[in-house]
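What follows is calculated from the coordinates using simple rules that are stated; it is not laboratory data. Not measured: the values here are computed from a predicted model. Here the Cβ positions follow ideal geometry from the backbone for every residue, glycine too, while neighbour counts run over all protein chains shown.
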Amino acid sequence: MRNKALILITVFLGMFSFNSQIIADSHKIYGPFPITLKGYSGDKTNSVKYTGQMARHILHDSLKALVKTGDVNKMIAYYNGEDDLEIIAPKSKDDFKIKQTMVAEVGSGNLSGKTYKGAIAGWGNLTGKEVLEHMIAKAGEIDGGFDPNTGFDYTQLISKFAMGAVFYNQAANNYLGKKMEIGQKPNSEPYKEGAYYTGKEHSWDEAFGYWGSAAHALTLSAEQNYNVAKKKDMSSADYNGDGVVDLYSEYTFAHAYYASSYDKGGKTNYLSTINQAFIDGREIITNANGRNLNFNERSDLLAHRDIIRQNWQKVIAESVFKYAGSTYKDLIKLETIMGANGDTTEAFRTYAKHWGELKGFALALQCGPENLGETAVKLNRMMGLGPVLLNSSQVVGIDSNGNFIKDQAQEWGEFKLHMLKIQKLMIDEFGVTARSKDQLEEMASLADSMGSSDSAEND
């Protein structure tokens, strides 16, 4: 009897401890939020649902993993979100056990139908959807996802652009943009016929899903969130303690991952700022209790919306800054190797990877609600359509058949300076503060070596 009593006490205390943690974390967790839809009589108790968004994160990660295979049909299957797709990435690793093995276990959706519909000036003025389809087709023409003849690393180009053209675009332009307008998806009505959540509730939830954060991210440090994405911290990921990581609510994807990577340096708080704004905004909608928001509530909600969009844009701009710096360092290394008549194979591959990340994030930055205008023009011109190659050529265009056009490249020194100008542009226009891979101290000396101090200006 004494042993049984001890067991019961231990279980009770364990439950109390776990529940106390949940209660203590209640303002740090995205959900659950109660049902507020008037007239709903079903058995649902949680109005939060963003399964389609998390399915798209999995489709993206799986597509990224497939690029190196060159299997266009398989890539297109994940791009289109076809039925019965196995999760290729992320998968369980060592003691990091993932709950789901099929995409449908998380939700349904596609990338192709949600891709940015505007023209992408930095990739032949194709629409966002056409850009991704063009990249996928080109990836199918080569081995391993890398084309040394153009310098294109399609794994990086497809991944980084897709994150912006789908996730950032849908969240910032659609769910936090159009659907937050008065008369759009009203809070007094279901999001769609038969739904158990209101129009504004679900619109806000789906934007959060596209952000890619674990629901409990605010209970973790930036480094812990980063390590969850790297599948290095099972205990931090497994918030409910069931021994597996639920890709729907316990994993760190996409831009939330990049936010954590910058935040762990201690200079920024992008992840916590965005997550708290999402939670605070959702509480405003929930507290309206199934009626349309009044003027003050709507104003407060839009203030949280603006915090999310501005900081999300900064996360992408920080990524442009970082990879411009990495590309600059790669160019310096390549110059040294070429000067010594050494083997450039490995260094050129690294350079192509970093330039691909730079290009993908730069194109993604142009898929948000703000028309970047001259900033976008400068950005596209300075990095070029393709990287400068070792034979001093460069992809400069795309013909009517989708083939790349190559020509004499800009001068090597000028291209290096452009990488630094891009870093300065991210500071001047977006106010980036993490500034990973900062190489700007090199700008003055590089400009002087080219014969003009004016060369350092973003003109």
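Is there any pair linking a residue in the stretch 284-295 that is assigned to a helix (DSSP H, G or I) to one that is surrounded by fewer than 18 Cβ atoms within 10 Å (Cβ to Cβ), with Cβ under 6 Å and at least six apart or on different chains, and which?
From the stretch 284-295, the pairs are ILE284/GLU297; ILE284/ASP300.
When ASN275 is evaluated against the numbered criteria (1) in contact (Cβ under 8 Å) with a residue 60 or more places away in the chain; (2) more than 15 Å from TYR210 (Cα to Cα); (3) touching a Leu at 6+ places or on another chain (Cβ under 7 Å); (4) assigned to a helix (DSSP H, G or I), which criterion, by number, is the only one it fails?
Failing condition for ASN275: (2).
Select from the stretch 110-147 the residues that are part of a loop (DSSP other than H, G, I, E, B) and farther than 19 Å from VAL72 by Cα and list them in ascending order.
Result: TYR116, LYS117, GLY118, GLY124, ASN125.
Here are some conditions: (1) touching a Phe, Trp or Tyr at 6+ places or on another chain (Cβ under 8 Å); (2) surrounded by fewer than 20 Cβ atoms within 10 Å (Cβ to Cβ); (3) β-branched (Val, Ile, Thr). THR268 meets all but one. Which one does it not meet?
(2)
Out of all the residues in the stretch 325-344, is one or more under 27 Å from ASN275 (Cα atoms) and crowded, with 20+ Cβ neighbours inside 10 Å?
No: zero hits.
Looking at the stretch 373-409, which of its residues are more than 26 Å from GLU346 (Cα to Cα), assigned to a loop (DSSP other than H, G, I, E, B) and free of Cβ contacts under 8 Å to residues at least 40 places away in the same chain?
Listed by number, the residues that qualify are GLY373, ASP399, SER400, ASN401, ASN403.
Do you know which residues across the stretch 354-389 are surrounded by fewer than 19 Cβ atoms within 10 Å (Cβ to Cβ) and among the charged types (D, E, K, R)?
GLU370, GLU374, LYS378, ARG381
Within the stretch 285-305, can you find the residues that are in contact with a Ser or Thr (Cβ under 6 Å, 6 or more places away or on another chain), surrounded by fewer than 16 Cβ atoms within 10 Å (Cβ to Cβ) and polar (S, T, N, Q)?
Once the filter is applied, which keeps residues that are in contact with a Ser or Thr (Cβ under 6 Å, 6 or more places away or on another chain), surrounded by fewer than 16 Cβ atoms within 10 Å (Cβ to Cβ) and polar (S, T, N, Q), the stretch 285-305 yields only ASN289.
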